[in-house]
Amino acid sequence: MARVVPLSLSLEVGGHQYVTQVWALQTGEVADGTERWLLDSTAVRWLLDRVADGDISAERAAELVREVSRWNSDCCYWCDLATPAYPEVLRRHRDAYERWQRQQRSMTPETHPYLLDNGTVHRWDCAVAPPVRGPGHPGTDVHTYAAWHGPLNGDVDRIMAVLWEETRVSRRITEGELEQWLLQRNHHAGSPWCRRCSPEPPGAPEPG
Ligand SMILES: [Zn+2]
Ligand SMILES: [Zn+2]
């Protein structure tokens, strides 16, 4: 699968400045792992003119071609797209994680007596329930993050919202939230109650 992408190119040689676009042809999986790059012919002609005028050497021209025939991120097209947003995404993830931790600290066995994990209801302190899940991480390097950035068109608000959704996988809930959830769940799905900790249904006398 080939992909043609525009890259901005700015060349400055011997006081001349030249700005154009380089079209990069990414050929996908190539046997020897190389990528082919197609350069704007006007840019190439301009470079050759600089050599002819004696502004630069042929070696320097070749070096410039090499410099522009690579991803700015030194990795891939998707990393080039994702790199500018990555620091902000990491910062917002840190904020989201702290917000989630504050929420956890404010919960008590009285306010949030249940733990809801993937469709199973536990007592908040059930020994076999998995730990509550915090917001998802956007990726510990840019290339991992690019898998979020590309498909969601770099919409950082949406990316953060999707990552926050992971806090719903395993979470502490109130009696009211459990009642709502019980009303909405698929009633053909079998018993939602953990057999190990046997939580009291809402409205029953307080456990313990
Ligand atoms: Zn990459
Ligand atoms: Zn349980």
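We did not get these values from a lab; they are worked out from the coordinates using the rules stated. A quick note: this is a predicted structure, and the numbers were derived from the prediction, not measured. Please note: Cβ atoms are built from the backbone with ideal geometry, for glycine as well, and neighbour counts cover all protein chains shown.
Couple of notes before you dig in:
- Couplings for region 70-86, taken from phi via the Karplus curve 6.51 cos²θ - 1.76 cosθ + 1.60 with θ = phi - 60°, read 7, 6, 4, 7, 6, 10, 7, 4, 5, 5, 4, 5, 7, 3, x, 8, 4 Hz in order; Gly and Pro are left as x.
- Hz values of 3J(HN,Hα) by residue in region 132-144 - Karplus curve (6.51, -1.76, 1.60), Gly and Pro given as x: 4, 9, x, x, x, 8, x, x, 7, 9, 4, 4, 5
- For S73, nonlocal amide neighbours, meaning residues 5 or more places apart or on other chains whose placed amide H falls under 5 Å from its own, are D80.
- Distances between placed amide hydrogens fall under 5 Å for C126 paired with no residue 5 or more residues away or on another chain.
- ³J(HN,Hα), Karplus 6.51/-1.76/1.60, whole Hz, each residue of region 177-194, x for Gly, Pro: 5, 5, 4, 4, 5, 5, 5, 8, 6, 6, 6, 8, 7, x, 5, x, 8, 5
- Here E179 and E98 are evaluated by their C-beta separation; at R0 = 30 Å the FRET efficiency comes out at 0.50.
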